[in-house]
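**Student:** Pasting a structure here, questions to come.
The values are calculated or read from the model by the stated rules, or taken from the named source; none is laboratory data. Since the model is a prediction, treat every value here as computed from it, not as a measurement. Neighbour counts are summed over all protein chains in view; Cβ atoms, including those assigned to glycine, are modelled from backbone coordinates with ideal geometry. Surface areas here come from the heavy atoms of the whole protein model, side chains and all, with no ligands, DNA or RNA. Shrake-Rupley method; radii C 1.70, N 1.55, O 1.52, S 1.80 Å.
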Amino acid sequence: MTALTQGEGGPPSLLHGNRDQCLLHDKALSATFTRVCSDPPAIGWPGLAPPKTRYIPAAGQAALAQHILPGQPGHSTPRAHGQRPAMEADDGTEEPPLPLALSRFQVSEEFGFLLPDPLTELPEPYSPWMEVAHELPQLIASHRLRSRVHQMPQLSARHLRGREELHLAHLVLSFITMGYVWQEGEEGTVQVLPRNLAVPYWEVSEALGLPPILSHADFVLANWRRKDPNGPLEIENLDPIITLPGGESLRGFVLVTLLVEKAAVPGIKAIVRALHAILQHDEETLQRALEELAGAIEAMREALRRMHDHVDPAVFYAVIRIFLSGPCPQLPHGHCLTPCLPPSWKDNPAMPAGLVYEGVSEEPLAFSGGSAAQSTVLHAFDELLGIRHSQDTAAFLHRMRNYMPPPHRAFVEEIQRGPSLKQHVLSCRDRRLRGAFNRCVAALAEFRSYHITVVTKYVAVAAAKARAGRAEPGARAGPALGKAPSALEAKGTGGSHIFSFLKSIRDTTREGMISA
């Protein structure tokens, strides 16, 4: 593996340095993954000092140089809960913070947090990856994926140029990795990811500031293409770029989740307008922004309803879930926008030790599986509306931010640092403004209530049917046979005990209402 650059006082390399400093438990992602931003945003991990060393593979530096620009979101200083510092002028007086600019955080006016019109093919040197990725469902069904991966050449990430190529490479390697690990179901997992997959995956992950596991940023945000390039962003005109077993239900799960993200775009833009209106004391603009935000959240719920039309609960539970899971120690509860998925190498009884990334670490590493708890949308809405979740829930959600693209995470942190919307509404004593604020909170609570309904159908009811099926003679777990993995019955996507967590999230959201 190409040597990693060394920061002052840091270990000389990932492979030969201090193992304690280099180990990638996802609790310390902020100290190990290089950020796409010019400086790494502070994550504020309890008990952890700010990172002193930034690990950048030489192979990834050229790729990073293609898309890191001065003035992108940078380092943020940890602060006390609820503190919202203002900017300081040259003469020492305080000035209001500048309003948000979406482009600073790689957020699109048209697509929100979705990667705009992602690339669908990598440059020719990476054709071995693309060939395997495009055949994943067939290779997994025929139990030939692992042997195909072993035949792949050892490729470096150094020829990748720009954010789009890096995101596609991460998507491709993430899907191949999940297929490789779970090809034989929970009874036939592996302990080691081979070097020819693990090393470039690690390099690309560091270049993007993402962990080396399939996350929401891969599965949804970067995994879509239009059938007609000039056609609308509607499910009939969309396909995932890379798929896994699950057929039309897998396609529907990806694309309905994408449409939930797309429905949120007016709300994302309303955040910017709302914060600017607060600074300008423009109550009319603020009320309109809150009405737009409430409308966007309501549209997200309507988009989520389409899950019933496009995803078969039995296929989701028995086939799709396991490929979105990962290896690691026990997590608190988790949540997601769409039906909860299993944990990956984290919180997964099928992989209690984690996964060794050959050529990267001699010890197993642990990461949470893909979850829409990793989506930036609801984190941003919670921060704007001042929703305060319980301590354990908030700790888990903050850890899920480490699975977001770093600029998106920085966007949420910037909202948190901005002026308090709730305090502004309280101080205005304007009934119409208070009503608009409460409509936003109510819409968010209703979205989360509906999510519980969806999870009941796709997880709880499906789990009961899966248990009944396993009671039949000869039943065993494995995606190729369509039998549900029993180890994941009580868990959500990122390792969640689903219903207790989701109800807690919903209830604390309701508590954010302002009383008359």
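**Student:** Of everything in region 281-309 that's over 21 Å from Gly435 (Cβ atoms) and assigned to a helix (DSSP H, G or I), which residue is most open to solvent (accessible area, probe 1.4 Å)?
**Tutor:** Checking each candidate, the answer is Asp309.
**Student:** Of the residues that make up region 454-464, is at least one in a helix (DSSP H, G or I), under 13 Å from Ile514 (Cβ atoms) and among the aliphatic types (A, V, I, L, M)?
**Tutor:** There is no residue in region 454-464 that is in a helix (DSSP H, G or I), under 13 Å from Ile514 (Cβ atoms) and among the aliphatic types (A, V, I, L, M).
**Student:** Could you tell me which residue of region 381-418 is nearest to Val220 (Cα to Cα), considering only residues that are β-branched (Val, Ile, Thr) and at pLDDT 95 or above? Step through it out loud before you land on a result.
**Tutor:** Step one: of region 381-418, the residues β-branched (Val, Ile, Thr) are 387, 393, 412, 415.
Add one more test, that the residue is at pLDDT 95 or above, and what stays is 387, 412, 415.
Values: Ile387: 25, Val412: 19, Ile415: 23 Å.
The extreme case among them is Val412.
**Student:** Restricting to region 181-208, give me the number of residues that are outside any helix (DSSP H, G or I) and surrounded by fewer than 24 Cβ atoms within 10 Å (Cβ to Cβ).
**Tutor:** Count: 7.
**Student:** Further, regarding this structure: Does Leu155 qualify as being without any contact (Cβ under 8 Å) to a residue 60 or more places away in the chain, closer than 30 Å to Ala296 by Cβ, hydrophobic (A, V, I, L, M, F, W, C) and assigned to a loop (DSSP other than H, G, I, E, B)?
**Tutor:** Numbers: without any contact (Cβ under 8 Å) to a residue 60 or more places away in the chain: yes; closer than 30 Å to Ala296 by Cβ: no; hydrophobic (A, V, I, L, M, F, W, C): yes; assigned to a loop (DSSP other than H, G, I, E, B): yes.
No: the conditions fail for Leu155.
**Student:** Would you say Thr120 is at pLDDT 95 or above and in a helix (DSSP H, G or I)?
**Tutor:** no
**Student:** Now, a different point. Could you list, in sequence order, the residues of region 346-376 that are surrounded by fewer than 24 Cβ atoms within 10 Å (Cβ to Cβ), on the phi < 0 side of the Ramachandran plot and touching a strand residue (DSSP E or B) at 6+ places or on another chain (Cβ under 8 Å)?
**Tutor:** Matches in region 346-376: Val356, Glu358, Glu362, Glu363, Pro364.
**Student:** Which one is surrounded by the fewest Cβ atoms within 10 Å (Cβ to Cβ), of the residues in region 216-255 that are acidic (Asp, Glu) and part of a helix (DSSP H, G or I)?
**Tutor:** Taking the candidates together, the pick is Glu236.
**Student:** Filter region 422-463 down to residues that are more than 17 Å from Ala274 (Cβ to Cβ) and among the basic types (Lys, Arg) and give me whichever is least open to solvent (accessible area, probe 1.4 Å).
**Tutor:** Among them, the one singled out is Arg448.
**Student:** Look through region 264-293, keep the residues that are of a type in the set (A, V, I, L, M, F, W, C) and under 23 Å from the mean Cα position of the chain (by Cα), and return whichever of them is nearest to Leu250 (Cα to Cα).
**Tutor:** Ala264
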